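Worksheet for the structure shown next.
Here, each number is a calculation from the coordinates, and none is a lab measurement. Values in this document were obtained by computation on a predicted structure and should not be read as measured data. Neighbour counts run over all protein chains shown; Cβ positions are idealised from the backbone, glycine included.
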Amino acid sequence: MAERAPGKETKAKKKPAELSKEFIKIIKEWQKLEDDTIKFSEEIMKKSKNKLIKLTMDMIRHDSQKHKVMQQMLIDSVTKEPFVLAPEDLNVIGAGLNEHLAAEAKSLELADEALLNSELFVTRYVLSYLIADEQKHHALLGKLNELKRATVFVT
Ligand SMILES: [Fe+2]
Ligand SMILES: [Fe+2]
């Protein structure tokens, strides 16, 4: 992620690697695989009667659909309109961001506590997935919060 201070744009700036053909090629190839993953997950969901297997496949299917949308955003940011994150954008998420961060941190605490109080494979399996997700949410918000404090202009 390239960062620069506001108003310090130079005309001689080197093109980002994302504008190479290679980058788009990789993302498009990856995006196609998401369709395979969705198909495999659906096939197993149809075949299995087990709730845990169905849940796992459903989560993978959902995640893959989400990945496709995110990959498309990456593709569009190169082929259509670049991503820009201005200090004003971060101001909009404003004070609510801290509360959101706190809620995610509390969720993570509860999830860890639940894991400590569990011993069955299936419980721990589901909890581990949830913990990874909650950590992810907290980390994503944390990154936005850092940017907000630094008030940098990011592309
Ligand atoms: Fe994926
Ligand atoms: Fe969360």
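Between rounded, prolate and oblate, where does the chain land on the alpha carbon gyration tensor, with a ≥ b ≥ c its root eigenvalues, rounded for a/c under 1.5, else prolate if a/b exceeds b/c? Spell out each step's value before the answer.
Details: a/c = 3.38, a/b = 1.38, b/c = 2.46.
Here the chain falls in the oblate category.
First select every other residue whose beta carbon is under 12 angstrom from the beta carbon of Lys46; then total the charges, Lys and Arg +1, Asp and Glu -1. Please report the intermediate quantities before stating the final value.
Values: positive: Lys39, Lys47, Lys49, Lys54, Arg61; negative: Glu42, Glu43, Asp58.
Summing Lys/Arg as +1 and Asp/Glu as -1 gives +2.
By average Cβ neighbour count within 10 Å, what is the ranking of 118-128, 102-112 from highest down?
On the way: 118-128: 12.4, 102-112: 14.6.
Per-residue Cβ counts within 10 Å, averaged per peptide and sorted highest first, yield 102-112, 118-128.
Taking a sphere under 15 Å around the Cβ of Lys32 and counting the other residues whose Cβ falls inside, with K and R at +1 and D and E at -1, yields a net charge of 0. For the range 6-96, averaging the sequence separation of C-alpha pairs within contact (under 8 Å, six or more residues apart) and dividing by the residue count gives a relative contact order of 29 percent.
Obtain the radius of gyration and the Kirkwood radius of the range 18-82 from its C-alpha atoms and give Rg over Rh.
1.15
Divide by every residue of the chain the summed helix terms, -39500 (n - 2.57) for each DSSP H run of at least 4, and state the resulting mean residue ellipticity at 222 nm, rounded to the nearest 500 deg cm²/dmol. Could you put the intermediate results ahead of the total?
Details: 5 runs with 114 residues, N = 155.
Only helices count here, giving -26000 deg cm²/dmol.
Taken over the C-alpha atoms, the range 72-152 has Rg and Dmax values of 16.9, 50 angstrom.
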